[in-house]
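Presented below is the structure to which this report refers.
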Amino acid sequence: MNPTLLFIILFLGVPLIIIALIVLSFVINAYDFQEVLTNGVLTKATIVDKYRRGIRPTRYWMVYEYIDRSGRTHQRKFTVFASECDRLQVGDSIDIEYSAKRPHISCLKETLDQSRAAPDNAASSHRDLSDESHSLLAGELTVQLKQLERLSVPVG
């Protein structure tokens, strides 16, 4: 194999594939989150495991288990801050929502509630900014029109 081609494949192709897989993962997670946000079924889940990963335990993981409407049991692993890991214990009950269409997809209710509240705040601040922008734009246009009137030379 040509050394230049091998170099291109190893140092350009492989990183591009890795980046594409990371982006795909984010897109799939966002789609799943949106699905639970729109078609969520509220239920209780039980913390069944918690652990720390890393040389210095900086990543905290918890595993919860829940039963969907059809009686099937599902588990989900998620990361948490150290304070949450200390606060929640194995056996504790938490509120979650799972997708009515695909019950194996679920999210913490607290996370969904925060997301549901966010658009209201963003929309009102966007509306305020939009009104302010329109006022500034109208004022700027008035100033520019007055300058053009002073510069204009009568024809005829």
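The values are calculated or read from the model by the stated rules, or taken from the named source; none is laboratory data. All values derive from a computational prediction rather than experimental measurement. A quick note on method: Cβ atoms are made from the backbone with ideal geometry, for glycine too, and the neighbour counts reach across all protein chains shown.
Results, tabulated for the structure shown:
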item	result
Hits in the range 27-68 (condition: free of Cβ contacts under 8 Å to residues at least 40 places away in the same chain, under 14 Å from Asp86 (Cα atoms) and surrounded by fewer than 16 Cβ atoms within 10 Å (Cβ to Cβ))	Tyr51, Arg52, Pro57, Thr58, Arg59, Trp61
Qualifying residue in the range 139-153 (condition: of a type outside the set (A, V, I, L, M, F, W, C) and either modelled with pLDDT of 85 or more or not in a helix (DSSP H, G or I) (or both))	yes
One residue from Thr111, Thr73 being out of contact with any strand residue (DSSP E or B) (no Cβ under 6 Å at 6 or more places or on another chain), β-branched (Val, Ile, Thr) and without any contact (Cβ under 8 Å) to a residue 12 or more places away in the chain	Thr111
Looking only at the range 50-104, and only at residues there that are touching a Lys or Arg at 6+ places or on another chain (Cβ under 9 Å) and of a type in the set (Lys, Arg), the one that is nearest to Val36 (Cα to Cα)	Arg59
Extreme residue, surrounded by the fewest Cβ atoms within 10 Å (Cβ to Cβ), among residues of the range 71-110 that are touching a Phe, Trp or Tyr at 6+ places or on another chain (Cβ under 8 Å) and polar (S, T, N, Q)	Thr73
Within the range 4-13, tally of residues that are exposed (fewer than 11 other Cβ atoms within 10 Å of the Cβ) and either closer than 23 Å to Ala100 by Cα or of a type in the set (Val, Ile, Thr) (or both)	1
